[in-house]
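To start, the structure under review is shown below, and the notes come after it.
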Amino acid sequence: MDIMKFYRGEEFEAYRFLGAHPGEKGTVFRTYAPNALKVSVIGDFSSWEELPMDRTGDGRFYALAVEEAEDGMRYKYRIYDKSGGFIDHCDPYGYGMEVRPGTCSVIRRIDGFVFSDGEWLEKRTDCRDKPMNIYEMHLGSWKRRSDEDDEGWYSYSEIADELIDYVCRFGYNYIELMPLGEHPCDESWGYQSTGFFAPTSRYGTPSELMELVDKCHKRGIGVIVDFVPVHFAVDHYALTEYDGTKLYEYPSDDIGYNEWGSRNFNHSRGEVRSFIQSAADYWLSVYHFDGLRMDAIRNMIYWNGDESRGVNQNAVNFLKTMNSGLKARHPSAVISAEDSSAYPKVTAPVFEGGLGFDYKWDLGWMHDTLDYFRSAPMYRSRDYHKLTFSMLYFYNERFILPLSHDEVVHGKATIAQKMNGQYNEKFPQARALYMYMIVHPGKKLSFMGNEFAQLREWDEKRQQDWDMLKYPVHDSFREYIKALNHIYLRYSALHYDYDPTNFMWEDCSSIERCIYAMRRKSAEGDILAVFNFSDWFQFSYSVNVGENCSAELLLDSDDQLYSGTTPDGGTKFNCSEGKMNVDIPPFSGIMFLLTRKE
C-alpha cells in the first residue's frame with residue numbers, strides 16, 4: 001500500500017494491506033493506530049495472551065506475523081492509550097467477526113471461492129436504458145427457520161436457491177440487500193456497523209456470501225448492497241476512539257454524533273476517506289456486488305443533515321472522489337444515493353460538477369404518492385397534482401422510485417395498509433398504485449412483502465407473513481404484481497426513463513374525475529395507462545391515441561383474476577379516429593400496448 005495515498009485519502013485497496021491476512025505460514029496482522037502507546041494482538045492462537053506488535057512504516061502502523069494463527073480463529077487488538085490504559089478492539093479491516101453478542105474479529109480467507117460469473121460481469125451495465133426492478137430485502141427476515149429462535153436465520157448458501165427462484169418467478173431482476181457489514185444490534189438492521197469489511201456472521205462465512213452472489217449472476221439477477229459511508233456504531237470495542245483518540249470520528253461532539261445516536265465519520269481526514277472508499281471497493285471487487293446504495297447522503301452534504309448549518313464541503317469533495325474512483329474501477333456498477341435533500345446534480349458526473357452517483361432515490365415522489373393514496377376520494381381532486389408534480393423535476397436527476405423498508409415500519413403501516421378506506425378497498429387501490437409506479441419514469445424498488453400486500457409492519461425478528469398467501473386476495477395480489485413486473489421487464493417503452501421524449505401526459509387535467517393517462521413511447525410500441533383513482537365508475541372516458549393506432553389490452557388491475565370486479569377479458573374499450581374510449585372501474589388502472597397499423 002502507498003502510505004502517502006492512504007494519508008491523502010486516495011487509497012481504494014487498503015484492505016489488501018491492513019487487517020488479518022492468512023497464508024501458508026500463519027497470519028500477518030496489521031493495524032493503523034497512530035496515537036497508541038503500544039499495540040498487541042490477542043486471540044485463540046495465543047490463549048488470549050498478548051503478543052506485542054511491531055511499529056512499522058512511518059511508526060503509525062503496527063504489524064505481527066503469527067504462525068499459529070489460522071483461518072477461523074478469533075482475535076482482537078489490545079490498544080494502549082498514552083495514559084497506559086487499554087481497550088480490546090475488533091479489527092477495523094477484519095474480514096470476519098463472530099456472531100453477536102461476541103465482539104471478536106475472526107480470521108477469514110477471502111481468496112478461496114472461485115466465481116463463475118465472468119460472462120455476467122462482462123455484459124453487466126448500469127441499466128440507464130434497461131429495466132431495473134429491485135427487490136429490497138432484509139436477509140434475516142425474508143424467511144427464517146424459526147421466529148422463536150433469536151438465531152433462526154438461514155445461511156447465505158441455504159437461502160440462495162429459493163430466493164433466486166422467487167425473484168425470477170415474480171419479475172424482479174435485481175436484489176438489494178440491507179447492510180451486511182457486521183453489526184451488534186439486530187434492531188439497527190445493519191446501519192450501525194462495527195465491521196465494514198466483515199459480512200455479518202449471522203448468515204455464514206464470506207465464501208457463502210460469494211456463493212449467493214455468484215448464483216444470482218448465473219440466473220441473470222444483479223445484487224446491490226446497502227453501504228453506510230456516514231456513520232458507525234458507538235461501541236468502544238470497534239471504531240470509537242480506536243487508538244485512544246478520536247481517530248475516525250470528529251473531535252467535537254457537536255458534530256460527532258447524529259440523530260441516530262451514532263458517531264459521524266470525520267471525512268476531512270485522509271485515512272478515514274481511504275477507509276470508507278476501500279470498504280466500498282471491497283464489496284464490489286471481492287464479493288462481485290453489482291452496486292452500492294449509499295445511505296443518508298443528506299447527512300454528508302449538510303452538517304448532520306441540517307441545511308441551515310451549511311454544506312460540509314470536505315464530505316462533498318470526498319463523495320466526488322469516492323464515486324469517480326469507484327466508477328473508474330467498476331464502470332458498470334450501480335452507485336445510488338438515498339438523499340432527501342434538493343442539493344443539485346447528485347447524479348451528474350463529477351467532471352460536470354456533480355456528485356457522481358448513477359441514481360438517486362426519489363423520496364419526493366414516494367411521499368407525494370403515498371399521501372395521495374392515504375387521502376379520502378372526496379379530497380383527491382384537491383390533491384390531484386401530487387401525482388403530476390414529480391414530472392416537473394424528474395429530469396433534474398436520474399431517479400429510482402422507492403417503496404422501501406422505511407415506509408413499512410415504526411407505526412407508518414405497510415404500503416397496502418396506507419391505502420384509504422376499509423379492508424376491501426385497500427387492495428384495488430394498491431394494485432392501481434403499483435401500476436402507476438411501473439408506468440411512471442424511473443427505476444423501481446419495492447420492499448419484500450409489498451408484493452403480496454403484507455398488512456403487518458416489518459419486524460426484523462420475524463419472517464414475512466407467507467401464510468397470508470392462503471387467502472385468495474393476497475395470493476391474487478402477488479399474481480398481479482408478477483404480471484405487472486413481467487410487463488415492465490418485457491416492453492422497452494418502460495425502460496428509457498431519462499429520455500424526455502419517452503414520456504408524456506395524455507391527460508393530467510381531469511381533476512374532478514381523478515383520472516390520469518400516461519404514455520411511454522418506443523419504436524416497438526407505446527405503453528398507455530389510464531387510471532381512475534376516484535370511488536365511482538367512469539364510463540366512456542376518451543383519450544388520444546393517435547391516428548392508425550391499434551390497442552392491445554395488457555393488464556387491467558380490476559380483473560377478476562386479481563380479485564377485482566371486471567370479468568376476465570371484459571374490459572370495454574375501442575379505438576376510433578385517433579381516440580380510445582374506455583370504461584374504467586373505481587380505484588383501477590388499465591394498461592395498453594399501442595402499435596401503429598401498417
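What follows is calculated from the coordinates using simple rules that are stated; it is not laboratory data. Keep in mind the model is a prediction, meaning the values are calculated, not measured. Cβ atoms come from the backbone with ideal geometry, glycine included; neighbour counts cover every protein chain shown.
When the Cα positions of Asn396, Gln422, Leu489 are compared along the charge dipole of region 392-497, Leu489 comes out farthest toward the positive end, with charges on each C-beta of Lys, Arg, Asp and Glu.
Compared with the dominant Cα axis of the chain, that is its longest principal axis, helix 156-169 is turned about 20°. Each label was represented as a point 7 Å from its Cα along the Cα-to-Cβ direction; for Glu547 and His367 these points are 4.7 nm apart. Put simply, region 88-177 fits an ellipsoid with semi-axes of 29, 21, 13 Å; these come from the alpha carbon gyration tensor as the roots of five times its eigenvalues, largest first. Under the simplified labelling scheme, the Ser375-Asp254 pair shows an inter-label distance of 4.2 nm, with each label point 7 Å from Cα along Cα→Cβ.
Enter the Cα centre distance for the pair region 438-460 and region 118-149, rounded to the nearest angstrom. Spelled out, the Cα-based centre of one part sits 14 Å from the other. Between Ala328 and Tyr395, the contour length at 0.36 nm per residue exceeds the Cα-Cα span by 21.7 nm.
Return the tail of the calculated pair distribution for region 447-504, meaning the percent of Cα-Cα pairs more than 14 Å apart. The partial results should precede the final answer.
On the way: 1052 of 1653 pairs.
That fraction is 64 percent.
I'd like the Kirkwood hydrodynamic radius of region 490-585, using the inverse of the mean 1/r over distinct C-alpha pairs, in Å.
Values: mean 1/r = 0.0699 Å⁻¹.
Value: 14.3 Å, from the Cα pair sum.
Comparing Cα centroids, region 260-277 and region 474-528 end up 42 angstrom apart.
Cβ crowding within 10 Å, taken as a proxy for footprinting-reagent exposure, orders Met4, Met419, Met468 from fewest neighbours to most as Met4, Met468, Met419. Computed extension length for Trp48-Thr501: 156.5 nm, one decimal, from 0.36 nm per residue of separation with the Cα-Cα distance subtracted. Considering the zone a paramagnetic label at Ile3 would reach in this model (a point 7 Å from Cα along the Cα-to-Cβ line), which residues of region 270-302 have amide N under 19 Å from it? Inside the label zone: 270-275.
As a proxy for reagent exposure, Glu307, Glu271 were ordered by neighbouring Cβ count within 10 angstrom, fewest first; the result is Glu307, Glu271. Each of Tyr32, Ala65, Gly85 was scored by the projection of its Cα onto the charge dipole of region 12-120, and the greatest displacement toward the positive side belongs to Gly85; charges sit on the C-beta of Lys, Arg, Asp and Glu.
Let me know the volume per residue of the alpha-carbon convex hull for region 446-544, in Å³. Present the calculation step by step, with values, prior to reporting the outcome.
Values: hull volume 15.9 nm³, N = 99.
Hull volume normalised by residue count: 161 Å³.
Pairwise alpha-carbon distances in region 110-234 exceed 21 Å for 42% of all pairs. When its C-alpha radius of gyration is set against 2.2 N^0.38 Å (N residues), the chain gives a value of 1.04. A Förster distance of 35 Å, applied to the separation of the beta-carbon atoms of Ala65 and Glu162, puts the FRET efficiency at 0.25.
Return the loop-located GluC sites (Glu not before Pro) in region 472-526 (DSSP other than H, G, I, E, B) with at most 15 other Cβ atoms within 10 Å of their own Cβ; answer none if there are none.
Details: sites: Glu479, Glu506, Glu512, Glu524; in loops: Glu512, Glu524.
Of the GluC sites (Glu not before Pro), the ones in loops of region 472-526 whose Cβ has at most 15 other Cβ atoms within 10 Å are Glu512, Glu524.
The GluC sites (Glu not before Pro) of region 136-190 that DSSP puts in a loop, and whose beta carbon has at most 13 other beta carbons within 10 Å, are Glu148, Glu151. More than 19 angstrom separation, counting every C-alpha pair in region 240-313; what % is that? Every Cα pair in region 240-313 considered, those over 19 Å come to 42 percent. Taking other Cβ atoms within 10 Å as a rough exposure proxy, Met178, Met391 sort from fewest to most as Met391, Met178.
What value, in deg cm²/dmol to 500, does the helix sum -39500 (n - 2.57) over DSSP H runs of n ≥ 4 give at 222 nm once divided by the residues of the chain?
Numbers: 13 runs with 136 residues, N = 598.
After summing the helix terms and dividing by the residues of the chain, the value is -7000 deg cm²/dmol.
Axis angle, to the nearest 10 degrees, between helix 270-285 and the longest C-alpha principal axis of the chain: 60 degrees. Computed over every Cα-Cα pair of region 364-451 and binned at 10 Å starting from 0, the pair-distance distribution P(r) comes out as 16, 52, 30, 3 percent. Each label point was placed 7 Å from the Cα along the Cα-to-Cβ direction; for Ser308 and Arg169 their separation is 5.2 nm. From the alpha carbon centroid of region 37-71 to that of region 1-17 is 21 Å.
Determine, from the Cβ-Cβ distance of Asp111 and Ser576 and an R0 of 60 Å, the FRET efficiency 1/(1 + (r/R0)^6), rounded to the nearest 0.05.
On the way: r = 67 Å, r/R0 = 1.12.
Working from the Cβ atoms, E equals 0.35.
Compared with the dominant principal axis of the Cα atoms in the chain, helix 206-218 is inclined by about 30°. Here is the list for region 185-228: trypsin sites (Lys or Arg not before Pro) lying in DSSP coil, each with at most 14 other C-beta atoms within 10 angstrom of its C-beta, are Arg219.
Mind grabbing the base-10 log of I(q)/I(0) for region 309-422 at q = 0.14, 0.17 Å⁻¹? Debye formula, identical points on the C-alpha positions, no solvent, two decimal places. Results for region 309-422 at q = 0.14, 0.17 Å⁻¹ read -0.70, -0.90.
Ranking Leu284, Tyr257, Ile297 by Cα position along the charge dipole of region 251-308, where only Lys, Arg, Asp and Glu carry charges on their C-beta atoms, puts Leu284 farthest toward the positive end.
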